[in-house]
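Since every read-out is calculated from the coordinates, none of them should be taken as a lab result. Treat the numbers as computed from the prediction; the structure is a model and nothing was measured. Ideal geometry is used to build each Cβ from the backbone, glycine not excepted, and the neighbour counts take in all protein chains shown.
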Amino acid sequence: MFFDPGGGRPFEVCVYAADADEAVAHLRAHGVPILVEPVDQPWGERMAYATDPDGTPVMIAARRP
């Protein structure tokens, strides 16, 4: 999964979490827009995208067990 941030944004932020699904649920519960739901990746991570308050894409990644 790759996210095209568009809108002229030259970068995105990546953070690792213990569990991508729990991180997304927590962010959603606090009103953070989720751009891409968590998806398993072939290289052994689970990734999702949200936005920070300025609209910068934030990749949330976690290693799959």
Karplus 3J(HN,Hα) series, Hz, for segment 42-52 with 6.51 cos²θ - 1.76 cosθ + 1.60 (x for Gly, Pro): x, 8, x, 10, 10, 10, 9, 10, 10, 10, 7
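Compute the signed sum of charges (Lys and Arg +1, Asp and Glu -1) over the other residues within less than 15 Å, Cβ to Cβ, of ARG46. Walk me through the numbers before you get to the answer.
Details: positive: ARG63, ARG64; negative: ASP19, ASP21, GLU22, GLU37, ASP40, GLU45.
Local charge sum for ARG46: -4.
Please give the net charge around TYR16, taking every other residue with its beta carbon less than 15 angstrom from that of TYR16, where Lys and Arg add +1 and Asp and Glu add -1. Before the final figure, lay out each step's value.
On the way: positive: ARG46, ARG63, ARG64; negative: GLU12, ASP19, ASP21, GLU22, GLU45.
Taking every Cβ under 15 Å from that of TYR16, the sum is -2.
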Neighbourhood charge, 14 Å Cβ-Cβ cut-off, centred on ALA25 and excluding it, Lys, Arg +1 and Asp, Glu -1: -2
